[in-house]
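The values are calculated or read from the model by the stated rules, or taken from the named source; none is laboratory data. If you're wondering where the values come from, they're calculated on a predicted model, not measured in any experiment. Note that each Cβ is placed from the backbone with ideal geometry, even for glycine, and that neighbours are counted across all protein chains shown.
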């Protein structure tokens, strides 16, 4: 067994930063019913995350349009 303390020299690569619009697809949600094609919730449980993802993607598209 090693005497090395776990985590003291650990680097995390590919650290999660934010959700994409594709990650917020309703069909991936556990509350979405595939047969009725409906969400069982009255209010989306990730609405704030989805809005942030849409905003980030719009900003990225605007920046890309300015560059080209």
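Residues in segment 19-49 that are part of a loop (DSSP other than H, G, I, E, B) and touching a strand residue (DSSP E or B) at 6+ places or on another chain (Cβ under 8 Å): 3 in all.
Restrict the check to segment 50-63 and report whether at least one residue is part of a loop (DSSP other than H, G, I, E, B), modelled with pLDDT of 90 or more and either within 15 Å of the chain's Cα centre (by Cα) or surrounded by 10 or more Cβ atoms within 10 Å (Cβ to Cβ) (or both).
Checked segment 50-63: no residue is part of a loop (DSSP other than H, G, I, E, B), modelled with pLDDT of 90 or more and either within 15 Å of the chain's Cα centre (by Cα) or surrounded by 10 or more Cβ atoms within 10 Å (Cβ to Cβ) (or both).
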